[in-house]
Amino acid sequence: MENVLVYPYNKSYQPYVWNGEIDGNKIIKSLVSPSGWGIEGKEVQSLTGKYVVSSNFSYELKGCSTVWFVEDDALPLPEDLLISKVQEAVENGKDILYTRYKDKQLYDKVMTMLQSTNKQPILREEEKSQVKLDDFCYSIKVPIIAILGLEEGVQKFDVQVALWRKLKELGYEVEAISTRLDSEVIGMNSIPQFMFETGMSETQKIIQYNHYVKQIELTKKPDIIILGVPGSVMPFDSVNHNNFGIMSYLISMAVPVDYAILCAPFYTNSDFDFTDINRDIYHKFGFEVAFCHIAPITLDLRSIFEDSKRRFFTLKEDYIQQELRKHEKDDVGYVLTPNNIEKLAHRVLEVLS
């Protein structure tokens with residue numbers, strides 16, 4: 001097994017670290033974050049133990065054979081710093097996993113740097129085999145689970161990964177299409193790049209996403225497909241528009257949804273009644289929400305008064321579970337514990353059977 005250094009590590013990659021193994025035969029060994037990002041020395045849990053985030057790239061590089069360059073989260077990594085780390089890794093004979101696909105210009109620049117070496121990045125499935133685009137949508141026969149978000153940052157990917165693993169543990173052939181562009185490293189399918197392109201019409205995106213899912217259905221023959229839906233399902237207001245829920249609409253038009261899980265933040269004084277929201281989702285997208293996951297974040301009211309933009313801060317998971325126990329709702333909960341994700345998996349299987 002090869003040892004992997006993850007750079008620049010940020011909390012959005014915690015689900016990958018939890019698994020520990022990536023790309024079939026690689027083990028995550030080190031997490032490195034730039035100085036000033038505020039997470040140096042933080043502990044990150046995994047299935048096999050825990051990691052301590054470092055800021056010393058050169059030192060951690062010595063114990064690894066591969067460097068995985070990942071996307072930024074809230075803080076952007078300066079281009080010159082990134083290039084210097086890629087150069088240092090190559091000069092030290094390290095293999096490169098480069099999955100920073102969002103910035104195409106920078107991606108092409110790094111690929112040019114690597115062209116004279118054998119340090120090639122992994123390819124997404126859509127780059128290996130482009131989906132043929134016919135002018136119609138295919139019927140999708142495999143059951144589809146959709147993971148949606150009421151806001152950004154509500155653990156959609158965490159829930160998707162946890163449910164995907166649990167269903168596989170229960171003996172099912174499960175394929176997942178994530179909300180990210182680099183999920184092949186843990187055995188998932190990444191969302192196609194074309195869903196974010198501005199040069200393609202919405203009609204083309206719907207049809208081609210349908211074909212992407214159909215290709216997975218035909219070639220991998222799964223029992224279940226779990227879709228992660230980027231963004232939010234609907235706008236909150238004209239300032240916090242959440243891209244108007246357009247991505248959710250496109251995907252709902254492309255494929256049928258048999259079981260929907262909505263991830264939402266914790267709202268102070270909430271009774272966890274999502275009846276009105278679920279009704280709106282049904283009328284907008286044509287499917288019902290079967291379960292709501294409450295993420296440990298809550299609205300920072302000061303942000304509303306400062307500039308009308310909604311921002312959130314993190315709560316303790318124990319507090320969320322304590323609040324949920326006061327209401328005891330079957331279709332609302334915090335699922336990111338071993339017992340709760342197993343309950344959700346069996347709940348899903350019961351509905352789909």
Inset, instruction - Please arrange 51, 209, 249, 319 by counting, for each residue, the other beta carbons lying within 10 Å of its beta carbon, fewest first. - result: 319, 249, 51, 209
Inset, instruction - Obtain the nm distance between the two label points defined at residue 220 and residue 271 by a simple spin-label model: each point lies 7 Å from its Cα along the Cα-to-C-beta direction. - result: 4.2 nm
Legend entry - Inter-label distance, nm, simple model (7 Å from Cα along the C-beta direction), residue 65/residue 288: 5.2 nm
Inset, instruction - Among 137, 263, rank each residue by its count of other Cβ atoms within 10 Å, from fewest to most, as a rough exposure measure. - result: 137, 263
Inset, instruction - For segment 1-98, just run the numbers: alpha carbon Rg, then divide by 2.2 N^0.38 Å, N being how many residues it has. - result: 0.98
Inset, instruction - Please report, in debye to the nearest 20, how large the charge dipole of the chain is about its Cα centre when each Lys and Arg carries +1 at its beta carbon and each Asp and Glu carries -1 there. - result: 460 debye
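So if I place +1 on the C-beta of Lys and Arg and -1 on the C-beta of Asp and Glu, and nothing else carries charge, what would the dipole magnitude of segment 2-122 be about its Cα centre? I want it in debye, nearest 20.
So the dipole magnitude of segment 2-122 works out to roughly 140 debye.
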Inset, instruction - Among the GluC sites (Glu not before Pro) in segment 293-353, which ones are in a DSSP loop with at most 10 other Cβ atoms within 10 Å of the Cβ? Mind listing them? - result: 328
Legend entry - Dipole of segment 24-99 [Lys/Arg +1, Asp/Glu -1 at C-beta], most positive-end residue of 83, 66, 45: 45
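Rounded to the nearest 5, what is the percent of antiparallel bridges among the DSSP beta bridges in the chain?
Restricted to the chain, the bridges split so that about 20 percent are antiparallel.
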Legend entry - Computed helical MRE - 222 nm, the chain, DSSP H runs ≥ 4 contributing -39500 (n - 2.57), nearest 500: -10500 deg cm²/dmol
Inset, instruction - Please turn the phi angles of segment 340-350 into ³J(HN,Hα) values with the Karplus equation 6.51 cos²θ - 1.76 cosθ + 1.60 (θ = phi - 60°), one per residue in order, whole Hz, x for glycine and proline. - result: 6, 6, 5, 4, 5, 4, 5, 5, 4, 4, 5
Inset, instruction - May I ask you to order 187-195, 227-235 by the average number of other C-beta atoms within 10 Å around their residues, highest value first? - result: 227-235, 187-195
Inset, instruction - When you have a sec, figure out the Kirkwood radius of segment 75-117 from all distinct Cα pair distances and drop it here in Å to one decimal? - result: 10.9 Å
Inset, instruction - Evaluate E = 1/(1 + (r/R0)^6) for residue 84 and residue 314, where r is the Cβ-Cβ distance and R0 equals 35 Å; express this FRET efficiency to the nearest 0.05. - result: 0.65
Legend entry - Solution diffusion estimate, µm²/s, Stokes-Einstein, segment 37-79, Kirkwood Rh from C-alpha pairs, 20 °C, viscosity 1.002 mPa s: 173 µm²/s
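Given a cut-off of 35 Å, what percent of all Cα-Cα pairs of the chain lie beyond it?
On the way: 15416 of 62128 pairs.
Above the 35 Å cut-off, the chain has 25 percent of its Cα pairs.
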Legend entry - segment 144-352 - Rg and Dmax from Cα coordinates, angstrom: 17.0, 52
Legend entry - Spacing of the two label points (7 Å from each Cα toward its C-beta) at residue 173 and residue 52, in nm: 4.5 nm
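A short reminder: the numbers here are calculations on the coordinates, not readings from a lab. What you see is a predicted model; the values in this text were computed from it and never measured. For neighbour counting, all protein chains shown are included, and Cβ atoms are generated from backbone atoms with ideal geometry for every residue, glycine included.
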